[in-house]
Amino acid sequence: MNKTGKFRHNDIPLLRADEGVRKNLTSSIRIGLELFKGFRRLRRVGPCVTVFGSARFDETHRYYQLARAVGGELGRAGFTVMTGGGPGVMEAANRGAQEVGARSVGCNIELPVEQAPNPYLDTWAEFHYFFVRKVMLVKYSKAFVVLPGGFGTLDEVFETLNLIQTAKISRFPLVALGSEYWGNLLDFLENSVLAEKTIDSDDLKSIYVTDTPSDAVEHILEHMDDIT
């Protein structure tokens, strides 16, 4: 946001096909600088586990409490907890990590309705571009935990699964916390996506579903040796 409260720049010019060479160069430089800023800021944060989930749950919600518990379990296991840096599940996971003395990191996103970094971060960086932010959330992580969320969470989960499927990244553990929430999605993947053979059965093995934070962390630790 700038001093007038207006959004500094949006992605509409970047995604227009008729932009000239100069504007494309400007966008390329801006993207490159944002990547470099993230790399420089976060280069010493690992080993991390990234926790994905909705910004909309307050601290009275069961999923906030679940995220807080898994943040604590990850911290006790020796991991830095990384999130998108905002409220809800992100805040809860960072909070849980700090409460056990573990390192807590956030990659905040600049939005038209400003999202401030949550108060439980030891280190954080702010990004304009969602795709740059997702690079950071994946680059520094050894595993992923996903709690209930909306379009942003689903985008992060499926991009991570796609990177695993295409061997762009190692077969990192990806744990879905909340079987009631994720059950219908898994049914869809099995009964529609897998049934039509647009994915392989091995692709579904990348997702581990549980309702217990300690089980989630145990699964991650068991699969650390699978990461190259």
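Among the residues of the range 102-157, those identified as within 24 Å of ILE220 (Cα to Cα) and of a type in the set (S, T, N, Q) are SER104, THR123, SER141, THR153. When GLU114 is tested against (1) at pLDDT below 95; (2) over 26 Å from GLU59 (Cα atoms), just one condition goes unmet, and that condition is (2).
Of the listed requirements (1) surrounded by fewer than 21 Cβ atoms within 10 Å (Cβ to Cβ); (2) polar (S, T, N, Q); (3) in a helix (DSSP H, G or I), ASN94 misses just one: (1). Across the range 19-45, the qualifying residues are those that are without any contact (Cβ under 8 Å) to a residue 24 or more places away in the chain and among the β-branched types (Val, Ile, Thr), and the one among them that is farthest from ARG103 (Cα to Cα) is VAL21.
So is GLY46 surrounded by 14 or more Cβ atoms within 10 Å (Cβ to Cβ), out of contact with any helix residue (DSSP H, G or I) (no Cβ under 8 Å at 6 or more places or on another chain) and modelled with pLDDT under 85 or not? Answer is yes for this residue.
Filtering the range 97-120 to residues that are surrounded by fewer than 24 Cβ atoms within 10 Å (Cβ to Cβ), in contact with a strand residue (DSSP E or B) (Cβ under 9 Å, 6 or more places away or on another chain) and not in a strand (DSSP E or B) leaves GLN98, ALA102, ARG103, GLU110, GLN115, ALA116, PRO117, ASN118, TYR120. Residue pairs whose Cβ atoms lie under 8 Å apart, sitting 6 or more positions apart in sequence or on different chains, and linking a residue in the range 154-172 that is under 14 Å from ALA143 (Cβ atoms) to a partner that is among the aliphatic types (A, V, I, L, M) and in a loop (DSSP other than H, G, I, E, B), are THR160/ILE169; LEU163/ILE169; SER170/ILE227; ARG171/ILE227; PHE172/ILE227. Go through the range 131-151 and give me each residue that's closer than 28 Å to SER28 by Cβ, in contact (Cβ under 8 Å) with a residue 24 or more places away in the chain and not basic (Lys, Arg). Once the filter is applied, which keeps residues that are closer than 28 Å to SER28 by Cβ, in contact (Cβ under 8 Å) with a residue 24 or more places away in the chain and not basic (Lys, Arg), the range 131-151 yields VAL132, VAL135, MET136, LEU137, VAL138, TYR140, SER141. Report, by residue number, each residue of the range 88-131 that is within 15 Å of ALA55 (Cβ to Cβ) and either touching a His at 6+ places or on another chain (Cβ under 7 Å) or among the small types (Gly, Ala, Ser) (or both). Across the range 88-131, the qualifying residues are GLY88, ALA92, ALA93, GLY106, GLU110, ALA116. Checking each residue in the range 186-222 for being within 21 Å of the chain's Cα centre (by Cα), more than 24 Å from GLY71 (Cα to Cα) and in contact (Cβ under 8 Å) with a residue 24 or more places away in the chain picks out only ASP203.
The values are calculated or read from the model by the stated rules, or taken from the named source; none is laboratory data. Quick caveat, the model's predicted, so the values are computed rather than measured. Reconstructed Cβ throughout: ideal geometry from the backbone, glycine too, with neighbour counts over all protein chains shown.
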